[in-house]
Every structure is written in C-alpha cells, then in structure tokens.
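Heads up, the thing below is written out as structure tokens.
Nothing in this text is a laboratory measurement; each read-out follows from the coordinates by a stated rule. Because the structure is a prediction, the values reported are computed rather than measured. So basically every Cβ, Gly included, is an ideal-geometry build from the backbone, and we count neighbours across all protein chains shown.
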Amino acid sequence: MSFTSYAFIIFLPCVLVLYWLVKKREWQNSILLAASYIFYGWVNPYLAVLLGASTLLDYFLVRGMQSKPVRKSLFMALSLVLNLGVLAFFKYYNFFNEDLARLTTSLGWNGDFLLTRILLPAGLSFYTLKKLGYMIDVSRGTLKPTHTLMDFALYVSFFPQIIAGPIERPQKLLPQIEVQRTWKAEYFYNAWTLIVMGFFKKIVIADNIKVISDQIFSLDETSIFLLAMGTLAFTLQILADFSGYTDMSRGFASLFGFQTSENFNLPYASLTPTDFWNRWHITLSNWLRDYIFFPIGRSLKKSRIRLPQGLILSIPPIATMFVSGLWHGAGWTFVVWGLFYGVLISVYQLLGIRGDWKPKSPVTLGLAWFVMFFFIVFGWAMFRAPSMTWLGHILFHMPFLRSQDDMIVGLIALSMFVVYSTPLLIKFFLDKYAKDGWLLPAYYAFATVLIIIFLNASSPDFIYNQF
Amino acid sequence: MRSFLRYLTILFIMITVSWVAIPRWLDIPFPRQPGPEFDKRARKSYITLIDNEHPDIVMLGDSTLMDGVDPDLLSELTGKKVSSFHAPGSASAFWYIVLKNNIIIAEHHPRVLIVVFRGTMLTAPGYRVHGGYFVKLDEFAAKDEPVLLERAYLNHMNRAEIWSEQYFPLYGAREDIRKKIDSRIRYSLPGWLDCDRTCTDDSMYAVFISADLEPGQLRNAVAAAETYLYTPAQLDFSRQVESSFLPEMIRLSRERGIQLVVVRLKNEMTGTGNRETASMKNYIADLSAYLDEQGVVFLDYGRDPRLGSEYFKDALHLNPEGEIVFTRILAEGLNEVLK
C-alpha cells in the first residue's frame, strides 16, 4: 500500500481509531503489528510472509545468543549470512540471471527457469538494515534485547517506516514500543504539518518535476546542456520525493504516539561531502558510519601492517560509500556513484577539510557551497543515468548544445526547477523568520489547495520504494 | 493548536472563494458532469476512406498491427480489398469509438472487421484513455458519449471522486487549472527569447517525440505500461467483460452485418508468448468461449511457434520479416473464415 493511495486514506483512520480505542499497550501493539502486515502485504501477501519468516528467524537467533553466549559469534554470523543472502538474492539476481542461465545451458542443463525475473520486495533493504543493526548491537552487548516477539516484530515492520525508512535504531524505537501510550493532542499537532508538507512535496513538486527529468533521461542521446538541466530537475525531484516520504512517515508515526528520526537537514546547503552525508538520508548514513565506517577505521588503526596515513584515511570512506552504492541497487551507476562519494570524501579529508568545516569569508563559503552543489548534481547524473556508457557517451562525445531546440527545452526544465523549488525556499525562510503568526498556516493552506489541484488517481511510486 | 486553527480558517476561506471564483474563471458550470468532457467535433476521416475505397476487410489495432500486418500483401493473399486503421497507442476505447462513429456510419460496410489485440486489451476499458490518449479519443468522440464515459472513466472512479468532480470546483476543475499552471511554466522563459508557443511546442516535439529513446528505458517504459494488462483484476475475464467495450463492439458489428474477427498477436512480454502464465491461459480460454457464444471468430496466434523471437524487433513489434511471415499466417486463417 502506498501513502498516496486511496486505500491508505481509508486504512489510516480505521487503524488510528482502533488503536486509540484500546488502552492496553499489548493491544495497541497487536493492532499496529496487524496493520503493518496488512499494509505491507496489501498488493502481494507473499511479501508479508517473507517479512514474517525473516523476523522470526532473527528473533530466535537473538534468543540463541542469549541462551548460549559462547556461540554468540556463530548466531551473529548466521544472521549476517541469512539477511545479506536474502537481500543479495532479491537485489542482484536479475543482474546475473542471464549469465547463470547461459552457464547452466553450456553445462548441458536446461537453464530456462533461471530467466524468470524476480521482483524485489519493497522495503527489504530498509528492514534488513534495521534487523542487522539490532543483531549487531545485541551481539556487541550495547543493546538489551527485547524478550517479546511482538515488540521485535513491530520494531521491524512498523508500517510508517517499512517501505523506505527512516532506518530507525532499536535504541530509539523499541523503548517507545515497550511503554504505555495514551492519546495526547500534541501527537496530532506534531503530525499535521509533516503530513501536509509530505503530500505537498510528493504530489506537487516531485511528481511534476519528474515529467521533464524522466523524459530527458529516457533519450537515446542528448546534449550536455540538456543533461545538466535534466539532472538539475532530478536533483529537486529526489529531494522532494524522498523527504516528502519521510515527512509523511514521521507524521503518521506521530499520530500513533511515536517520535521517529529526521532523515534530511537541508542537504543541498552542504559545504563538503561529509557534511552532505550528515544531512542526506541521515539514518542510512548513521547506520553505515556505525557498522561499516568505524569498524573498518578501527581495524586499520589496530592492524599490524603499517599503512600510510593517506590510506588509513581513504579506505574507510571509499569502502563505506561502495557499500552504500551497492545497497542502492544492482547496477554500475549506483556502484560508481557510491565510489565517487567515497573518493570525494577522501580527497576532502586529505586536503584537511572536515565535515564541520565552515569558512569565515563569505566568498570562500559561497565558492565552497557552489563546488559541493556541483558535485551533488554531478553525482545525481550518475545515479539517474540509464547506464555509465550512456553518461560517458554524452559527456565525452556530445556537444554542449546541439540546437536551438535543446536550448528551449533546457530552459523549460530550468523554469520548472525554479518554480518548483521556490516553495521549499519560502518554507525555509518562514520556518526561520515567521514561525508564529499567520504566514506559516497560510503557507500550509495554500499547499493543501495545490495538493487538491495536483491530486491524481495514481501517483507514481516513491523513488526510494525501489531500493 | 492555534496554528492549526489558523490553517483551517485560511483553508476554509480559500475553498469558499474557489467555489465562486473557479466556475467563473474557467467558465465551467457546477455541479458538472464527472469525468472528462469531449468536444463537439468528431473526426470522420475513416468514413471517407471506407466510402472511397470500399474495402472488404477493415483492420483495427495499435502499432503492433502497423508493424505486424502488410495490408497489400494480405489483400493479395486473400483476394479481398483490405484497409488498415492502425493508430499507435490505441486500445479498446479508441477502437470502439472508431467503430461507432466511423465504420458503421459509412455507407459502404465491410464484410469483415478484424481487431488485433494482445493481453487483456479487449476487456480493459480503462487502458490508454488518459493524457495524450484522451486527446486521440476526443478526436473521434462526439460531445455525448455515455458508454465511453462510463466504461473508460466513471467505472474506474470511486464515489468520493465522482462526488468531488461534480460539486467541488477545486477538484473538478483541476485538469484545467493544471493546464494553466503548466503552460505558464512552459512558455514563460522561452517567450523571453522570442520563442512563442508554437516554437516551444516544436522544440519539445523535436527533442522528445521525434528523437530515439534509450533502448533500456524504452523497454522499461513499455513493460511498466503493459503490466496493467496482466494484473489479477484485468485477468479476471468474467468480471471485466460486461463493463468492457467488447459487448458493444460485437453488438454494433452484428447490427451492421459485419463479421467481427478477433486476432491475438504474439508478443515477447512476460505473461504471454512463450512465458504465458496459467491465469493468462485461463483468460484466453474464457475469452474464446465467450466469443464463440457470440458468433465472433477468434484467431489466436498468441502462442504460434511459427513466430520465433527472430521475427521481433522489440518485445511487442514484429520486424519487416516478421510482418511478412505473420501476414501469411493471418491470410491462411482468414481464408478459412471467408470460405
């Protein structure tokens, strides 16, 4: 089920009423758990079965860790193999299936059955990271595991977060699941602005700017100028789409009395790549930092082989961002995009520019912002391109402008970028300078009117649903 | 709390104003008829064509018909005059409206009407009826088209949507408001460079419509669009058939004394061809029984082994060699019917 579907408009109030009607924590959690599985298995019930089976498995592996602490590493290794195995199978099978079929046929077996394409279960990448974080923390002894299967299952499947995060840490969500929740009006007052902004960003901004960026990226070849304008449009689309989803997710969670993590903090205002990853998809960045970046850094420092300082600084970000690229999908575009950020972070670090760097001179500040924004947009070109060959062909073989037509269409894309990013800028200034008063409520009312105007029977899926 | 009340107050005022302002601004009466509005003109080009050429066989279909059947060769092989009315991107709603407003209106009436389809197109009345497809439908539709409106649009809307379209101007007129916003964004900046609307539209056409698409993206776009035809709801023949255009097409052909022949062309998409699923097979069995009952000839080449993958230029369309092969196969089948 999608947040922007009609089914969800009926589903949400029904669950809310039931949830707040019951007073006992166990009942509330049961209702939320059932709702989460209905939400997740709405289109394809088999997805809910997969989610349930993998949740059960991890729950019992944790129980195993507790009952037999000597074999903790074995249980942890099992969980890693199973979780990463399932993730790798669903994510990368389609990438290799044709080669596999060819191989089996060359060995004399009929490999036709291998050609069947497998659909990636929505949210698998997100809930796998949630579960892995839980398992690792329990095995490290930094988290006391929950003894209730229902609480653990709800932590994994909590419906506002199941499809595309935020990748909530157990330390934040589990304590909220484990306590009694009674209705407070502030839950609603925290939620409504997030929900309005979420729908506004998705329906009004992302779905409209998508039209031009999709068209440009589906061309067989195009000029560099048009590619740049299409990428600029995509830069806005992906922010509005993903942050809109997160706003809705946080708003819906708040309606049930849960406080969940922010995922975005003005990412396009970043001055350095580390700064960008501290502001973009924050929960994924934190996950990667804690479970990949830090362990690699620590093991390199402890290593008996003496490595040059440059390598010690470069390997962790490059490896981490490589994993981030792989996590986003099977395709060279994602891998290269991840590596690009890894190298960029390393270069900035080697130049002594850390994540919290902020130059005093406004000229340097402006220049630093411009350079970083250029890198971000260039990164999105790789991320969105149909293939690296396609991107390479345009960058190295196509002229900057082919014709007047390219110029006109590029200007249309630029107009769309300016028009659809303006509401986000206005919101930023209103949040900063006009928090009280009538302006902000008027902004939300205007946003609601625009949502009604741009409402479609079938809004396209959120971009991050595919990961 | 205060902020929320202020929001509600402003929203209430804006909606109240829109109730009065939008009908005046856009000159649309409210309550209005739900669904899209067709203009008064209905294109009659196929009537002229039929009356001038007097074909024995008329074929209706989308681009797969265009690439799949050579009308001249078919004419030669069957000894009958053949006209092909292929409209790329068309589907059952379009075929129905061309049949109703053109083919049966013509003075000359062909002996056979062939409809070429794939998947569940014949019983998917809501397929290809929005956006650019609506423009095509509107060309051949008259002002008042109750069957088209109901089956292609209203049946796919819930009650809240229908009510909102009728009584809530902000929602009911949203297509028109969106067009106005879109044209402001689209034409403003090029306008400053002395590129007017025609010049801007021509540039859009040159860059997007006449250009080649990246093959992978094209494949994905086609696959995404085709997925609709293979959903469990669409594959439920008995649920779909009565609300589709098929019964109307059968009735109109029968009343005009035209033999309707339905042809399923093979394709390489998932769900058909070599990878036909069990539900697709059931659908085709139900369709076949229904057509037989209605006296409609069904020529099913959906699994024909003579059409190998070497005859396809992409997942849906035959290549020039495939066109010749399929035209010969179709001629064989038609000659049996024409006996």
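Brief remarks on what is shown
- Cα gyration tensor shape for the stretch A:225-272, rounded if a/c is under 1.5, else prolate or oblate: oblate
- Estimated [θ] at 222 nm from DSSP helical runs (n ≥ 4, -39500 (n - 2.57)) normalised by residues in the protein assembly as shown, nearest 500: -20000 deg cm²/dmol
- Relative contact order (%) - the stretch B:35-107, alpha-carbon pairs under 8 angstrom, separation at least six: 42
- A simple rule links phi to the HN-Hα coupling: the Karplus curve 6.51 cos²θ - 1.76 cosθ + 1.60 with θ = phi - 60°, which for the stretch B:7-17 gives 4, 4, 4, 5, 4, 4, 4, 4, 5, 4, 4 Hz, with x for Gly and Pro.
- Sparse packing (at most 11 other Cβ atoms within 10 Å of the Cβ) combined with a DSSP loop state is found for the following trypsin sites (Lys or Arg not before Pro) in the stretch A:1-42: A:Lys23, A:Lys24.
- In the stretch A:159-241, trypsin sites (Lys or Arg not before Pro) in a DSSP loop with at most 13 other beta-carbon atoms within 10 Å: A:Lys184
- Taking B:Cys195, A:Cys14 and counting other C-beta atoms within 10 Å, the order from fewest to most: A:Cys14, B:Cys195
- For the stretch A:408-459, the C-alpha radius of gyration sits at 1.41 times the compact-globule guess of 2.2 N^0.38 Å, with N the residue count.
- Between the amide H of B:Met59 and those of B:Ser83, B:Ser84, B:Phe85, B:Ile114, distances stay under 5 Å, these residues lying 5 or more places away or on another chain, with hydrogens modeled in the peptide plane.
- Expressed in Å, the radius of gyration and Dmax of the Cα atoms of the stretch B:299-339 are 10.8, 35.
- Working note: Karplus 6.51/-1.76/1.60 with θ = phi - 60° gives the stretch A:48-54 the couplings 5, 5, 4, 4, x, 5, 5 Hz, where Gly and Pro are set to x.
- In the distance distribution for the stretch B:56-115, Cα-Cα pairs more than 12 Å apart total 66 percent.
- Prolate/oblate/rounded call for the stretch A:338-422, Cα gyration tensor, a/c under 1.5 rounded: oblate
- Cα-derived Rg to Rh of the stretch A:131-224, Kirkwood definition: 1.17
- Taking the Cα centre of the protein assembly as shown as origin and assigning +1 to Lys and Arg Cβ atoms and -1 to Asp and Glu Cβ atoms, the resulting dipole is close to 4100 debye.
- Computed over the stretch A:327-467: relative contact order in percent, which uses C-alpha pairs under 8 Å that are six or more apart: 28
- Across the options A:Gly379, A:Ser73, A:Pro121, the greatest Cα extent toward the positive end of the charge dipole of chain A (unit charges at beta carbon of Lys, Arg, Asp, Glu) belongs to A:Ser73.
- Counting only Cβ charges, +1 for Lys and Arg and -1 for Asp and Glu, the dipole size of the stretch B:145-278 around its Cα centre is about 300 debye.
- Descending Cα extents along the principal axes, the stretch A:16-149, whole Å: 62, 44, 18
- Using every pair of distinct Cα positions in the protein assembly as shown, the Kirkwood expression returns a hydrodynamic radius of 29.9 angstrom.
- Kirkwood-based shape ratio for the stretch A:320-467, expressed as Rg/Rh from alpha carbons: 1.02
- Spatially proximal lysines relative to B:Lys100 (Cα-Cα < 19 Å; intrachain offsets below 8 disregarded): B:Lys40, B:Lys44, B:Lys136, B:Lys143
- Cα Rg, Dmax, the stretch A:292-343, angstrom units: 12.1, 35
- Sites matching GluC sites (Glu not before Pro) across the stretch B:197-254 that sit in DSSP coil, with at most 11 neighbouring C-beta atoms within 10 Å: B:Glu242
- For chain B, averaging the sequence separation of C-alpha pairs within contact (under 8 Å, six or more residues apart) and dividing by the residue count gives a relative contact order of 24 percent.
- The stretch B:196-339: C-alpha gyration tensor shape, a/c 1.5 cut-off, then a/b vs b/c: prolate
- Amide H within-cut-off set for B:Leu260, under 5 Å, with H built and near neighbours excluded: B:Leu113, B:Val297
- The stretch A:316-324 - phi-based ³J(HN,Hα) in whole Hz, Karplus 6.51/-1.76/1.60, Gly and Pro as x: x, x, 5, 5, 5, 6, 5, 4, 4
- Rg(Cα)/(2.2 N^0.38 Å) for chain A, N = residue count: 1.03
- Note on the stretch A:5-64: semi-axes of the ellipsoid equivalent to its C-alpha gyration tensor, largest first and rounded to whole Å, are 24, 18, 5.
- Neighbouring partner chain Cβ atoms per residue of B:209-222, average, 10 Å criterion: 4
- The stretch A:178-303, Rg to Rh (Cα coordinates; Rh as Kirkwood inverse mean 1/r): 1.11
- Kirkwood hydrodynamic radius of the stretch B:110-165, Cα pairs, Å: 13.2
- The largest-to-smallest principal axis extents of the Cα set in chain B are 77, 47, 44 Å.
- Dimensions (Å) - the stretch B:1-72, Cα atoms, principal axes, largest first: 74, 27, 15
- Charge dipole (the protein assembly as shown, unit charges on Cβ, about Cα centre) - positive-most of A:Ile426, B:Ile28, A:Ser270: A:Ser270
- Each 5 Å bin from zero up to the one holding the largest Cα-Cα distance in the stretch B:117-227 carries the following percent of pairs: 2, 9, 11, 16, 18, 16, 16, 10, 3, 0.
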